[in-house]
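The values are calculated or read from the model by the stated rules, or taken from the named source; none is laboratory data. Note that this is a predicted model, so its numbers are computed, not measured. For neighbour counting, all protein chains shown are included, and Cβ atoms are generated from backbone atoms with ideal geometry for every residue, glycine included.
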Amino acid sequence: MGRIHLRNLLARPADIRVVGVCDPRPDQIAAIGLPAEVAVFPDSRELLGHPEIGLVVVASPASLHSSDVVSALEAGKLVYCEKPLVTSMEDHRRITALETHHGRAMVWVGFMRRFDPAFQALKADLDSGAIGPISHGILSHRNPSVPESFTDADYMLETFIHEFDALRWLLDVEIETITVGGKRRTNSGLMDPQFVTLTTNGGQRVMIDGHITNGYGYDIRCELVGERGSRSLVDYAEETGISAAPHATWATRFSGAYRTAIDACIDDVLAQRHTGVTSREAERALAVALSGIEAQRTGRTVSVGVG
Ligand code: ISE
């Protein structure tokens, strides 16, 4: 993930400078082939103490996001952090408390689907009222494979969290309840596929099938049904050039969106504004994911708490 962001940052016109990178595995950094002017910091404290650094991009494993983001905020830096921002409400509160202390929103969360041309075209159609009020949605999140260590909780926090954020944004609603079903277990004990049903405060019902060891490709689908018609991502394939056929991985499917998302963050930083996904916005998708973990465990429909 860090490499994708680094490549995109280095491709940016000369209105910013990539000062340095930090990774506990020096061999990984060597493999990137860094330009000579980009310093390698063996220790993140040294990087965070650097006076020229204004924005820190956090692309560490999700379990480290909380401590990485907190350290950056304590050092007074702005942060672009990959999703999920954090994995517990307690960690989330530490971050918002620091932002409150600094008196401003300082964190941009990398929900890149909001920057994908096909999702944006779908959103524009919904906002125009072209298909009337939405009654329901049918979505798929399919991945060819995930690491052996991937857990049911990761399914919510790493994978379905994209749908939770995208649906809130597309429909301008809050998700009220979540139910999760599935029987099949992989060799590593992961429930896969998983079937999620959501209800919203807009009166909609949304069904998502997740199948993240499908072996055939990365396949993201989204159909929303209104009173006067329906729209799917596939409807925008020709105008956006985003093929509806399965892609190799999430990195190839969303390569453009990753670039646009970080570019938009940098534009915001340079213009001293925040038009992206704030920590407070990300908290809503996190709340749904945490309720989803409870729904997996209990087999019950779980109400998503109000933040
Ligand atoms: C990544 O963020 C994605 O976009 C994928 O859809 C997801 O399944 C994967 O686990 C994520 O890391």
Requested in this report: For the stretch 7-63, enumerate the residues that are among the β-branched types (V, I, T) and in contact with a Pro (Cβ under 9 Å, 6 or more places away or on another chain).
Outcome: V18, V40
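Got at least one residue in the stretch 165-172 being in a strand (DSSP E or B) and in contact (Cβ under 8 Å) with a residue 40 or more places away in the chain? Outline the logic, then answer.
Taking the stretch 165-172 and keeping what is in a strand (DSSP E or B), we get none.
No.
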Report summary line: Of G241, G256, the only residue that is farther than 24 Å from Q194 by Cα, touching an Asp or Glu at 6+ places or on another chain (Cβ under 9 Å) and touching a residue at least 24 places away in the same chain (Cβ under 8 Å) is G256
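Go through the stretch 72-148 and tell me which strands (runs of 3 or more DSSP E), entirely inside it, have 2 or more residues that are touching a residue at least 60 places away in the same chain (Cβ under 8 Å) and away from the ligand (no atom under 16 Å from the Cβ). Step through it out loud before you land on a result.
Values: elements: 78-82, 107-110, 134-142.
By residue number, 134-142.
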Query raised in the report: Among A285, A271, which is the only one that is modelled with pLDDT of 95 or more and surrounded by fewer than 22 Cβ atoms within 10 Å (Cβ to Cβ)?
Result: A271
Report task. For the stretch 155-194, name all the residues that are away from the ligand (no atom under 16 Å from the Cβ), under 23 Å from T213 (Cβ atoms) and surrounded by fewer than 20 Cβ atoms within 10 Å (Cβ to Cβ). Result -> T179, G181, K183, R184, R185, N187, G189
Report task. From the list D235, D219, pick out the single residue that is within 14 Å of the ligand (Cβ to nearest atom), among the acidic types (D, E) and either under 21 Å from the mean Cα position of the chain (by Cα) or farther than 24 Å from S145 by Cα (or both). Result -> D219
Report task. Run F41 past the list (1) more than 16 Å from the ligand (Cβ to nearest atom); (2) within 27 Å of S149 (Cα to Cα); (3) among the aromatic types (F, W, Y) and report the number of the one that doesn't hold. Result -> (2)
Requested in this report: Return the total of residues in the stretch 171-194 being within 21 Å of the chain's Cα centre (by Cα) and over 17 Å from T159 (Cα atoms).
Outcome: 6
Query raised in the report: Is the stretch 219-235 home to any residue that is crowded, with 17+ Cβ neighbours inside 10 Å, at pLDDT 95 or above and more than 25 Å from G132 (Cα to Cα)?
Result: yes
Query raised in the report: Among the residues of the stretch 1-36, which ones are farther than 19 Å from L48 by Cβ, away from the ligand (no atom under 16 Å from the Cβ) and not in a loop (DSSP other than H, G, I, E, B)?
Result: R7, L10, D27, Q28, A30, A31, I32
